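Trainee: Take this structure first; my questions come after.
The values are calculated or read from the model by the stated rules, or taken from the named source; none is laboratory data. Because the structure is predicted, anything quoted here is derived from the model rather than measured. Please note: Cβ atoms are built from the backbone with ideal geometry, for glycine as well, and neighbour counts cover all protein chains shown.
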């Protein structure tokens, strides 16, 4: 990532900001307050790091309006309404300048079935495979080593990183981003057990990924046993997450790394699921619920629930119990003492 | 997945069934009772959804013999001995009609070492790599982007989805299915630590996957330090599962998503391991044992054990403890009250 | 893996050893004591298996100096200072003889951008992609289906197994080993939520993997939001591990399978993280700390801490609490009995 911004360019990208101090240096890097060196831009995005501002060697520091302090020599403070947002704008500019969308067209090494419909504005990168009947819309990017199965549909401007698999009949919405190693549409895990042997239940449904979804590396979304598994608009899924068959994830949910959702469970809109959390199958999680990291949810949850622990229950109660659990050694002693006192009275009386 | 079945065709596929009601519509979809529309087939597979039958708009509904109720106009009820099994038969037919086994032969874009032995009845798909000395039997399918290492052996009719890796010297049995991103035979995690540095222990064993095993997307089975890691006949493994080096998994086990088994542990036959459960290394799990989701097993288990919690212990005991744990606030109050009462008596006496 | 060693060759490889007994057989396999057959070499690496030595059918057995017992007919005992180390030497020899480093050069099927700098001593295997501006040093091996993004740098002798992704701008140090399905440099999971919708924060940093790191199959290391995510020298990471953006892992750490580290957390040197353990973001784990399997760490830890449970706390305390937790049914009964006794006294008095 190479860039060199003058202070004026920074202010122009950010679109606001009162400056204090002077610098001749161009900004050629971005770093946290403690690691920044001359030539870097830094920012105070979290109060926790407030004490690190004064000692920071960054040439330009984005600060909230209410920060009290003065820049050192050769350093500029820029006060903005939200330093994190301002930083995001600068990063977006760097991203745009450096990660140029590849030219449209089909790479000579790609293997594309003649019956696939590829829009001339799509980019099919090297060593990709597109099977019969797939349709790929304008602005789609398949970076490299991507597999698109029969009849799959990729809508406008979705972007698939290297080594992604989209199995047959699945639908990928507009502006969806799938990171490397993601598998969409592998078979659901369904067997009927007869005489101790597991007979495969065919998994003939599909996966539908709605617009503006992003899915992290090596995550898996299984196709439905029949009908569909669905990830709704705007939901963001982290790396190594498991979404089982027939699951429905609502809109604008956040599912953090290594979480898993079992078959036929429904998450309503705006649910937040912490890292390594799990859910059993066939339950419904009300909209706006929060599931703590490593929690294990085994029943329906009302909207706006907040649960932790495994099995999971109300966070406030779970937190209280957790504290008391650690006081068990004390409680056992207190009970033993009571028994001793009662016992000695019995002997006296 | 495209299909259109008349009621007569449905009855023929299912092989049984008493009908009630009339429909002119062909079945072109399969859906759950609540989501079904005209033209769909639905079914009552789980008593839990019994109340949804009457309101379902499905054109054909598979029901158990004892279901009481009548179809609406234009709807047909079909009573069968096991609706789930009947549905499975219909799904199998749809699968067979839609997912046609690719033609045998080696795709022009595949890279196959001249010393590999490929049966003429095998299909080596686009952009696959088969290294020296590998043998691939009749009926095997490598879909695309599959890597087969030196001397690996793939037996009849095993089917590898896109992006699978089978490292050198591993053996894949008959009818095995490996889903996208599966890695068979990566190095086991073994180091000897000398002066605080970790020196790699060579991992020179292999992996043997026996007949009729299925392994889900992005799961990993490590090669043995020496000798072998083995997954026995008929075992079904879900997505994102970790099987470490020298593990032996018995026959007809079920290992649910994101579970992990540490090195040199043995699971006897028919063990069921819940999602996100873990096992330490060098233990033995008796046949028919059940391990709850998110459980952490750290010792040998007798056959037919049922354990939950982390560290795991007998489920009935763990469940009881879990309930009492949540009553800790009450218990602390009761003990405090006892202490107060004793104290006040002391003062009185 | 094919080999045939005489007893003399074994002793030469091991470099020490007093023999007892005689065998004519060449060693053509390595197996554990209980599974070994004639022709195998076995070893006693763990006291736990001491009782299995006498019944072992191995032709050659590596034993510690203090083992008491005599070989059977046709069997040889070899006493060495450390049987595991001796075995490792034999395995290293087998590995060297069998896994020959592929010839250097670029395979005809690889897609390499003309601006990439590939050392003539590097091996770019079949169907690899190397993008513009990447540099690949002497001795590097990319086995097959490997993707190397723009401007990525691979230093001497690093070895990437099939299906690895290294995204743009990342740096891979000397002798690093990345196993199949590893993703280095996918976007970090960062969004700012405005009006209930999640807007992507660009992730423009990189990943730096220092020398002698090894990372297991399907593990993910996300690029930094800005600056870098770093895995320091000599650290060994198992399969299916998640390392989030801006994490810094110190030197010579061990991170076991399915563990996850959230964004901006720092592990100092020589930290050991058990399987399926997790860490929240923005914390610091002191050097030499041990995190138990499935633990959930939610706060800074002092050097040399040892924690378990979720949320995690001091292991000794957690172990004690765990034992007392299982005695809750007894404690509830004791408290009920005390209440009854107090109550009956009240009635008597």
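Trainee: Got at least one residue in the stretch A:142-162 being in contact with a strand residue (DSSP E or B) (Cβ under 8 Å, 6 or more places away or on another chain), more than 29 Å from residue A:204 (Cβ to Cβ) and outside any loop (DSSP other than H, G, I, E, B)?
Mentor: Looking through the stretch A:142-162, none of the residues is in contact with a strand residue (DSSP E or B) (Cβ under 8 Å, 6 or more places away or on another chain), more than 29 Å from residue A:204 (Cβ to Cβ) and outside any loop (DSSP other than H, G, I, E, B).
Trainee: Let me ask something else. If the Cβ limit is 9 Å and pairs must be 6+ apart or interchain, which residue in the stretch C:154-178 that is farther than 20 Å from residue B:180 by Cβ and within 14 Å of chain B (Cβ to nearest Cβ) pairs with which residue that is at pLDDT below 95 and not in a strand (DSSP E or B)?
Mentor: What qualifies is C:159/C:101.
Trainee: From B:168, B:192, grab the single residue that is surrounded by fewer than 24 Cβ atoms within 10 Å (Cβ to Cβ) and closer than 22 Å to residue C:45 by Cβ.
Mentor: Only one candidate passes the filter, namely B:192.
Trainee: From the list A:122, A:152, which residue is buried (at least 24 other Cβ atoms within 10 Å of the Cβ) and out of contact with any helix residue (DSSP H, G or I) (no Cβ under 7 Å at 6 or more places or on another chain)?
Mentor: Numbers: A:122 fails: buried (at least 24 other Cβ atoms within 10 Å of the Cβ).
When all the criteria are applied, what remains is A:152.
Trainee: To continue, here is another question. Being surrounded by fewer than 18 Cβ atoms within 10 Å (Cβ to Cβ), in contact with a helix residue (DSSP H, G or I) (Cβ under 8 Å, 6 or more places away or on another chain) and under 29 Å from residue A:167 (Cα atoms) is the filter here; which residues of the stretch B:52-95 pass it?
Mentor: B:89
Trainee: Let me ask something additional. Condition test on residue A:131, is it away from chain B (no Cβ under 12 Å) and in contact (Cβ under 8 Å) with a residue 12 or more places away in the chain? Break it down stepwise before answering.
Mentor: Working: away from chain B (no Cβ under 12 Å): no; in contact (Cβ under 8 Å) with a residue 12 or more places away in the chain: yes.
Taking the combined requirement at face value, the residue does not satisfy it.
Trainee: Still on this structure: Say we look at the stretch C:179-198 and pick out the residues that are within 8 Å of chain A (Cβ to nearest Cβ) and outside any strand (DSSP E or B); which of these is nearest to residue A:234 (Cα to Cα)?
Mentor: Ranking the candidates gives C:196 first.
Trainee: Just the residues that are surrounded by 23 or more Cβ atoms within 10 Å (Cβ to Cβ) and in contact with a helix residue (DSSP H, G or I) (Cβ under 8 Å, 6 or more places away or on another chain), please, taken from the stretch B:289-306.
Mentor: Scanning the stretch B:289-306 gives a single hit, B:292.
Trainee: Mind listing whichever residues of the stretch C:26-48 are in contact with a helix residue (DSSP H, G or I) (Cβ under 9 Å, 6 or more places away or on another chain) and over 23 Å from residue B:281 (Cα atoms)?
Mentor: Selection gives C:26, C:27.
Trainee: What is the residue count in the stretch A:96-111 for residues that are part of a strand (DSSP E or B) and within 10 Å of another protein chain (Cβ to nearest Cβ)? Give the derivation first.
Mentor: Residues of the stretch A:96-111 part of a strand (DSSP E or B): A:105-106, A:111.
This time we only want the ones that are within 10 Å of another protein chain (Cβ to nearest Cβ), so: A:111.
Residues flagged as part of a strand (DSSP E or B) and within 10 Å of another protein chain (Cβ to nearest Cβ) within the stretch A:96-111 amount to 1.
Trainee: Being at pLDDT below 95 and either under 15 Å from residue B:225 (Cα atoms) or outside the structural domain of residue C:122 (by TED's automatic domain parsing) (or both) is true for just one of C:59, C:51, C:42. Which residue is that?
Mentor: Exactly one residue qualifies, and that residue is C:51.
Trainee: Report whether or not residue C:93 is touching a strand residue (DSSP E or B) at 6+ places or on another chain (Cβ under 9 Å), under 30 Å from residue B:170 (Cβ atoms) and not in a helix (DSSP H, G or I).
Mentor: no
Trainee: Further, regarding this structure: Return yes when residue B:311 is at the interface with chain C (Cβ under 10 Å from one of its Cβ atoms) and surrounded by 13 or more Cβ atoms within 10 Å (Cβ to Cβ) and no when it is not.
Mentor: yes
Trainee: Here's something else I'd like to know. Which count do you get for residues in the stretch C:15-35 that are closer than 21 Å to residue C:57 by Cβ and touching a strand residue (DSSP E or B) at 6+ places or on another chain (Cβ under 8 Å)? First the steps, then the outcome.
Mentor: Of the stretch C:15-35, the ones closer than 21 Å to residue C:57 by Cβ are C:17, C:19-35.
If we keep only those that are touching a strand residue (DSSP E or B) at 6+ places or on another chain (Cβ under 8 Å) too, we end up with C:17, C:19-23, C:26-33.
Result for the stretch C:15-35: 14.
Trainee: Just to be sure before I move on: is residue B:183 modelled with pLDDT of 95 or more and either in contact with a helix residue (DSSP H, G or I) (Cβ under 7 Å, 6 or more places away or on another chain) or more than 28 Å from residue C:271 (Cα to Cα) (or both) in the structure I sent?
Mentor: no
Trainee: Taking into account only those residues within the stretch A:10-19 that are out of contact with any helix residue (DSSP H, G or I) (no Cβ under 8 Å at 6 or more places or on another chain) and within 15 Å of residue A:43 (Cα to Cα), which is surrounded by the most Cβ atoms within 10 Å (Cβ to Cβ)?
Mentor: Restricting to residues being out of contact with any helix residue (DSSP H, G or I) (no Cβ under 8 Å at 6 or more places or on another chain) and within 15 Å of residue A:43 (Cα to Cα), the top hit is A:11.
Trainee: Residue B:98 versus (1) touching a strand residue (DSSP E or B) at 6+ places or on another chain (Cβ under 7 Å); (2) in contact (Cβ under 8 Å) with a residue 12 or more places away in the chain; (3) surrounded by 14 or more Cβ atoms within 10 Å (Cβ to Cβ): which is the lone unmet condition?
Mentor: Condition not satisfied by residue B:98: (1).
Trainee: Can I ask one more? Given the criteria more than 30 Å from residue A:333 (Cβ to Cβ), under 23 Å from the mean Cα position of the chain (by Cα) and within 9 Å of another protein chain (Cβ to nearest Cβ), does residue C:270 qualify?
Mentor: Values: more than 30 Å from residue A:333 (Cβ to Cβ): yes; under 23 Å from the mean Cα position of the chain (by Cα): yes; within 9 Å of another protein chain (Cβ to nearest Cβ): yes.
Yes.
Trainee: Here is a further query. Just give me the residues in the stretch A:266-288 being over 21 Å from residue C:200 (Cα atoms) and surrounded by 22 or more Cβ atoms within 10 Å (Cβ to Cβ), in sequence order.
Mentor: Across the stretch A:266-288, the qualifying residues are A:267, A:276, A:277, A:278, A:279, A:285.
Trainee: Out of all the residues in the stretch A:71-89, which are touching a strand residue (DSSP E or B) at 6+ places or on another chain (Cβ under 7 Å) and in contact (Cβ under 8 Å) with a residue 12 or more places away in the chain?
Mentor: A:71, A:75, A:76, A:77, A:78, A:79, A:80, A:83, A:84, A:86, A:87
Trainee: State all residues of the stretch A:20-51 that are closer than 17 Å to residue A:79 by Cα, more than 11 Å from chain C (Cβ to nearest Cβ) and surrounded by fewer than 20 Cβ atoms within 10 Å (Cβ to Cβ); if no residue qualifies, say none.
Mentor: A:20, A:21, A:22, A:23, A:47, A:50, A:51, listed by residue number.
Trainee: Could you figure out which of (1) in the same structural domain as residue B:67 (by TED's automatic domain parsing); (2) in contact (Cβ under 8 Å) with a residue 40 or more places away in the chain; (3) over 12 Å from residue A:226 (Cβ atoms) isn't true of residue B:37?
Mentor: Going through (1) in the same structural domain as residue B:67 (by TED's automatic domain parsing); (2) in contact (Cβ under 8 Å) with a residue 40 or more places away in the chain; (3) over 12 Å from residue A:226 (Cβ atoms) one by one, residue B:37 breaks only (2).
Trainee: Residues in the stretch B:61-72: is at least one farther than 27 Å from residue C:125 by Cβ, within 13 Å of chain A (Cβ to nearest Cβ) and assigned to a strand (DSSP E or B)?
Mentor: Yes, that holds for at least one residue.
Trainee: Can you tell me which residues in the stretch C:236-265 are surrounded by fewer than 23 Cβ atoms within 10 Å (Cβ to Cβ), in contact with a strand residue (DSSP E or B) (Cβ under 7 Å, 6 or more places away or on another chain) and more than 14 Å from chain B (Cβ to nearest Cβ)?
Mentor: Selection gives C:248, C:265.
Trainee: For the list (1) more than 26 Å from residue C:281 (Cα to Cα); (2) surrounded by fewer than 22 Cβ atoms within 10 Å (Cβ to Cβ), I need the number of the one condition that residue A:209 fails.
Mentor: With respect to (1) more than 26 Å from residue C:281 (Cα to Cα); (2) surrounded by fewer than 22 Cβ atoms within 10 Å (Cβ to Cβ), residue A:209 is out only on (2).
Trainee: Could you figure out which of (1) within 14 Å of another protein chain (Cβ to nearest Cβ); (2) assigned to a strand (DSSP E or B) isn't true of residue A:78?
Mentor: (1)
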